[in-house]
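Written below as structure tokens is the structure these notes are about.
The values are calculated or read from the model by the stated rules, or taken from the named source; none is laboratory data. As the structure is a computational prediction, the values presented were derived from the model and not from experiment. Ideal geometry is used to build each Cβ from the backbone, glycine not excepted, and the neighbour counts take in all protein chains shown.
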Ligand SMILES: C[S@@+](CC[C@H](N)C(=O)[O-])C[C@H]1O[C@@H](n2cnc3c(N)ncnc32)[C@H](O)[C@@H]1O
């Protein structure tokens with residue numbers, strides 16, 4: 001196991017995402033010391049109020065990620081609808097309008113793969129509920145880069161396809177309930 | 001963080017492409033370029049970027065194909081209809097007071113954005129006094145733009161977008177279906193000049209009243225974005241308009257104060273009167 005400190009958290013969720021993300025994020029304090037990046041599949045509709053909703057519920061601040069925005073601790077960056085969100089090695093975000101991956105734009109794989117490349121062993125990847133296979137490949141990439149992989153326990157998930165697919169490609173990922181994931185993220189941030 | 005071997009080789013590859021073919025991708029957002037070049041690497045059966053570099057330097061047929069990986073070509077007619085509604089409602093009335101208008105569609109890809117504007121200008125009665133410049137660095141894309149043929153299965157989305165943009169006619173008035181594709185009316189491109197032009201390395205070529213450059217700047221790093229925006233400011237006439245993609249803005253640009261936010265939610269900027 002790497003001793004490199006954790007630098008960022010990436011989270012992917014689809015069907016049932018709002019509830020699952022709320023449970024994972026609300027226990028985290030406003031001064032959480034790491035940036036968090038999330039991709040949630042939304043209906044292709046161009047406007048989303050997901051970030052605003054989560055922002056109201058969480059102590060962390062939640063916003064849509066913007067092109068070339070530098071990552072800051074204690075902020076949750078949600079991929080905007082209809083764009084992929086990627087992390088650059090200099091710790092800034094880039095957006096892309098390229099083809100959907102597995103019918104999804106934003107795609108969890110695209111975020112996870114770029115984050116694995118940027119943060120290597122300093123990354124935690126989390127796959128939550130969802131009814132497709134996006135994120136499975138990305139999580140495997142995080143593991144190959146030495147990062148830590150967490151999957152919501154499939155039988156607890158609102159939709160188990162995504163967690164199950166992630167466990168297929170990443171069979172040594174740790175499975176946890178939503179409250180356990182929140183605890184894990186606190187510890188990953190060095191909080192009691 | 002120090003570069004891994006892939007990154008070292010990737011930079012060398014981009015350097016080689018620049019020296020040999022004068023396409024400069026060195027200041028593009030690396031995360032997505034790398035992803036796409038990893039796909040290209042696999043497609044060309046190369047285990048490393050160095051092997052791909054060898055291929056691109058020694059086999060002249062490789063570069064044109066690599067260009068399709070290096071440049072993202074995704075587009076749609078009236079993509080993001082609210083933008084075109086903004087141009088129609090707020091910019092067109094302004095342009096109506098001009099005797100002649102030049103429009104630059106920068107990074108026009110396969111022409112979707114160009115035809116959207118050409119149709120909009122016809123519907124708004126501006127066509128006869130307008131000249132369009134459609135530019136891109138990808139020659140294949142420029143040829144597609146010039147041909148104006150799109151797959152039939154894309155038309156439903158195009159038609160819906162056109163209506164949502166405030167379209168005053170039926171999109172089917174502008175194309176005929178033939179050979180499994182929709183051919184857009186060639187009179188729409190009678191007043192269009194298609195040309196190779198790079199926002200990274202080329203300069204101002206005309207004074208224009210409207211620039212539409214959507215979903216191109218996101219592929220550039222900050223510095224390149226600044227260069228392109230400076231070029232736009234230099235190309236626009238006094239009080240000319242600049243339209244950007246839904247997730248692009250001038251907020252962090254060095255040239256921000258040369259523009260005012262004309263229609264903020266539509267990402268339409270206007271060059272200030274003085275300067
Ligand atoms: C995603 S497409 C945008 C298409 C269209 N404007 C839209 O928003 O639907 C990006 C385009 O930018 C072009 N491009 C990339 N680098 C460029 C450069 N340096 N100068 C001009 N165009 C460039 C690509 O070839 C591609 O056609």
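Residues in segment B:213-272 that are closer than 26 Å to residue B:71 by Cβ and part of a helix (DSSP H, G or I): 18 in all. Take the conditions (1) within 14 Å of chain A (Cβ to nearest Cβ); (2) surrounded by 14 or more Cβ atoms within 10 Å (Cβ to Cβ); (3) more than 25 Å from residue B:26 (Cα to Cα); residue B:265 misses just one of them, which is (2).
If you check every pair at least six apart or on different chains, which have Cβ atoms under 7 Å apart with a residue in segment B:63-89 that is on the phi > 0 side of the Ramachandran plot first and a residue that is more than 8 Å from the ligand (Cβ to nearest atom) second? Correct list of pairs: B:78/B:84; B:78/B:116; B:78/B:158; B:78/B:161; B:78/B:162; B:78/B:165; B:80/A:46; B:80/B:246. Looking only at segment B:82-122, filter to residues that are within 14 Å of the ligand (Cβ to nearest atom) and over 16 Å from the mean Cα position of the chain (by Cα); which one of those is surrounded by the most Cβ atoms within 10 Å (Cβ to Cβ)? Ranking the candidates gives B:87 first.
Applying the criterion of being surrounded by fewer than 20 Cβ atoms within 10 Å (Cβ to Cβ) and away from the ligand (no atom under 16 Å from the Cβ) to the residues of segment B:183-201, the residue that is farthest from residue B:104 (Cα to Cα) is B:183.
May I ask you to list the residues in segment B:18-54 that are farther than 20 Å from residue B:109 by Cβ and buried (at least 18 other Cβ atoms within 10 Å of the Cβ)? Within segment B:18-54, B:30, B:31, B:34, B:41, B:49, B:52, B:53 qualify.
Of all the residues in segment A:111-137, those that are within 11 Å of the chain's Cα centre (by Cα) and within 11 Å of chain B (Cβ to nearest Cβ) number 2. If you go through segment B:231-253 and pick out every residue that is within 13 Å of another protein chain (Cβ to nearest Cβ) and surrounded by 15 or more Cβ atoms within 10 Å (Cβ to Cβ), you end up with 8. In segment B:166-188, the count of residues that are away from chain A (no Cβ under 14 Å), under 17 Å from the mean Cα position of the chain (by Cα) and under 16 Å from residue B:108 (Cα atoms) is zero. Among the residues of segment B:202-242, those that are closer than 23 Å to residue B:118 by Cα, touching a strand residue (DSSP E or B) at 6+ places or on another chain (Cβ under 8 Å) and near the ligand (Cβ under 10 Å from one of its atoms) comprise B:212, B:213, B:214, B:216, B:217. When residue A:108 is tested against (1) within 13 Å of the chain's Cα centre (by Cα); (2) free of Cβ contacts under 8 Å to residues at least 12 places away in the same chain, just one condition goes unmet, and that condition is (2). Residues that are within 13 Å of chain A (Cβ to nearest Cβ) and more than 15 Å from residue B:269 (Cα to Cα) within segment B:207-216 comprise B:215, B:216, listed in sequence order. Looking only at residues of segment A:65-91 that are in a strand (DSSP E or B) and surrounded by 20 or more Cβ atoms within 10 Å (Cβ to Cβ), we find that the one that is farthest from the other protein chains (Cβ to nearest Cβ) is A:76.
Residues that are more than 21 Å from the chain's Cα centre (by Cα), modelled with pLDDT of 95 or more and in a helix (DSSP H, G or I) occur at least once in segment B:25-38.
Taking the criterion of being in contact with a helix residue (DSSP H, G or I) (Cβ under 6 Å, 6 or more places away or on another chain), more than 29 Å from residue A:83 (Cβ to Cβ) and either part of a loop (DSSP other than H, G, I, E, B) or modelled with pLDDT under 95 (or both), would at least one residue in segment B:60-83 satisfy it? Looking for residues that are in contact with a helix residue (DSSP H, G or I) (Cβ under 6 Å, 6 or more places away or on another chain), more than 29 Å from residue A:83 (Cβ to Cβ) and either part of a loop (DSSP other than H, G, I, E, B) or modelled with pLDDT under 95 (or both), one finds none in segment B:60-83, hence no.
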